[in-house]
Amino acid sequence: MSSVLLLEYFHAHESAYETASPSMRAEGRAMLMALFEDLRDLPNLRVKVALCASARAELAIDAENVLSVSNLKSLDELVGTAVADPKGAGVVLAIAPETGGVLTSLAQNFRRRGFRFLGPRTEVIEACSDKWQTCELLKRSGLPTVPTELAINVDRLALSSDQKCVVKPRDGAGCEGIFSGTLDDVRTKLGNDPVMLQGSVVQPFVSGLPISVAMIGQGEGHSPLFLPATEQNVEWADSGIQYLGGRIPASLPASAQSQLQQMSHRIAWALQLEDGYVGVDMLFSDGELLITDINPRLCTAYVGYRAATKHNLMTSMLQTSVGDSPKWKPEPLTFTCNGDVVTA
């Protein structure tokens, strides 16, 4: 019987669990429980969920499915606990933020110890965990993106002082740390702190329909599985942004659907995606699709995707159903970042 270790960072690392924002913890929990249920439904598969003491007390997961990872001080210790499990898994599915290099470190640690870590190549995870490197990757691949500069070089964007722009942490995850304002406002907020200036990127504010697409690697020599576009429900307030969920499918015109299909293939080619789940954020603006971010990990939209099909998407993640195309339900649905799903 094969085994999978499911690890959601905020529920596996005690200090991260205690300090995470309510929104990050809620999104992590929604994805964790959705994945656990889908993996548990697969025959001949043992599932272990890495949980710290606080998370274990709050989640109704049977003890036989729990790998206790309490009192850990580092990611190395977390990986070491998984390695020491006598009924350990050979496959790891991790949900983790890019912040602080957490996702990259997990991929490196597990792969170095012989685990199959479900995700893109480590160098791709590392590049896509840094919004500046992501922008450079997109430009080298000839893929359209929003003009981006390091905050320290914001003058290169040639923005007027009253033009609205967006500031993002280079290693941010979700909407954490993102804010907007006029160029003058942004300069004031960033100040002269070299850490902030080197650790942030600035983009002109672009209006449009925010969407995301997901793709799942299907192994060497196979095209990834492309999932339908999701229309993101995002809300700007008090200069910040909040992700509230989305709608499947996105309400895109036919011309954009064709453009999206071609771009998805180009992105997969640029990433050399053979394994794992990747979420790509885009804006449909003035008839053009612009890539705003690449998430080299499982994203919240998964809770919507799993409800939009009877196909167990974990069989695609584990590559036990390569070549099978999910049949998508005709009714559109909406989902929240907490995992609630409503059929429209």
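Among the residues of region 165-196, the one identified as part of a helix (DSSP H, G or I), at pLDDT 90 or above and among the aliphatic types (A, V, I, L, M) is 183.
Quick grid of which residues meet (1) open to solvent by less than 10 Å² (accessible area, probe 1.4 Å); (2) in contact (Cβ under 8 Å) with a residue 12 or more places away in the chain; (3) touching a helix residue (DSSP H, G or I) at 6+ places or on another chain (Cβ under 7 Å):
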residue: 96; (1), (2), (3): yes, yes, yes
residue: 102; (1), (2), (3): no, yes, yes
residue: 116; (1), (2), (3): no, yes, no
residue: 128; (1), (2), (3): yes, yes, yes
residue: 139; (1), (2), (3): no, no, no
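Of the set (1) out of contact with any Asp or Glu (no Cβ under 6 Å at 6 or more places or on another chain); (2) open to solvent by 20 Å² or more (accessible area, probe 1.4 Å); (3) farther than 27 Å from residue 242 by Cβ, all apply to residue 156 but (1).
From the list 124, 146, 91, the lone residue that is over 27 Å from residue 211 (Cα atoms) and either surrounded by fewer than 20 Cβ atoms within 10 Å (Cβ to Cβ) or touching a residue at least 60 places away in the same chain (Cβ under 8 Å) (or both) is 91.
Would you confirm whether any residue within region 221-238 is part of a strand (DSSP E or B), among the small types (Gly, Ala, Ser) and surrounded by fewer than 18 Cβ atoms within 10 Å (Cβ to Cβ)? Yes, some residue in region 221-238 is part of a strand (DSSP E or B), among the small types (Gly, Ala, Ser) and surrounded by fewer than 18 Cβ atoms within 10 Å (Cβ to Cβ). Taking the criterion of being of a type in the set (Ser, Thr, Tyr) and either surrounded by 17 or more Cβ atoms within 10 Å (Cβ to Cβ) or under 18 Å from residue 318 (Cβ atoms) (or both), the only residue of region 12-67 that qualifies is 17. A single member of 290, 333 is open to solvent by less than 20 Å² (accessible area, probe 1.4 Å), in contact with a strand residue (DSSP E or B) (Cβ under 7 Å, 6 or more places away or on another chain) and under 21 Å from residue 209 (Cβ atoms), and it is 333. Annotation: of all residues in region 200-220 being of a type outside the set (A, V, I, L, M, F, W, C) and open to solvent by less than 30 Å² (accessible area, probe 1.4 Å), the one that is farthest from residue 24 (Cα to Cα) is 219. Would it be correct to say that residue 211 is more than 20 Å from residue 138 (Cα to Cα) and touching a residue at least 40 places away in the same chain (Cβ under 8 Å)? Criteria not met by residue 211. If you check 187, 111, which single one turns out to be open to solvent by 10 Å² or more (accessible area, probe 1.4 Å) and within 19 Å of residue 240 (Cα to Cα)? That would be 187, the only listed residue that is open to solvent by 10 Å² or more (accessible area, probe 1.4 Å) and within 19 Å of residue 240 (Cα to Cα). When residues in region 76-112 are screened for being modelled with pLDDT of 80 or more and over 22 Å from residue 219 (Cβ atoms), 17 of them pass. Scanning region 39-87 for residues that are part of a loop (DSSP other than H, G, I, E, B) and either within 18 Å of residue 25 (Cβ to Cβ) or touching a Phe, Trp or Tyr at 6+ places or on another chain (Cβ under 6 Å) (or both) yields 52, 59, 60, 61, 69, 70, 72.
The residues listed here are 212, 251, 264; of these, the one that is assigned to a loop (DSSP other than H, G, I, E, B) and within 21 Å of residue 309 (Cα to Cα) is 251.
Residues that are part of a helix (DSSP H, G or I) and either in contact with a Ser or Thr (Cβ under 7 Å, 6 or more places away or on another chain) or open to solvent by 10 Å² or more (accessible area, probe 1.4 Å) (or both) within region 269-287 comprise 269, 270, listed in sequence order. Of the residues 83, 167, the single one that is crowded, with 16+ Cβ neighbours inside 10 Å, of a type in the set (Val, Ile, Thr) and out of contact with any His (no Cβ under 6 Å at 6 or more places or on another chain) is 167. Of all residues in region 304-320, those that are open to solvent by 10 Å² or more (accessible area, probe 1.4 Å) and either within 17 Å of residue 30 (Cβ to Cβ) or in a loop (DSSP other than H, G, I, E, B) (or both) total 8.
The values are calculated or read from the model by the stated rules, or taken from the named source; none is laboratory data. These figures come from a predicted structure and were not determined experimentally. Counting neighbours? That spans all protein chains shown, and the Cβs are built from the backbone with ideal geometry, glycine included. SASA here: full protein model, heavy atoms, side chains in, ligands and nucleic acids out. Shrake-Rupley method; radii C 1.70, N 1.55, O 1.52, S 1.80 Å.
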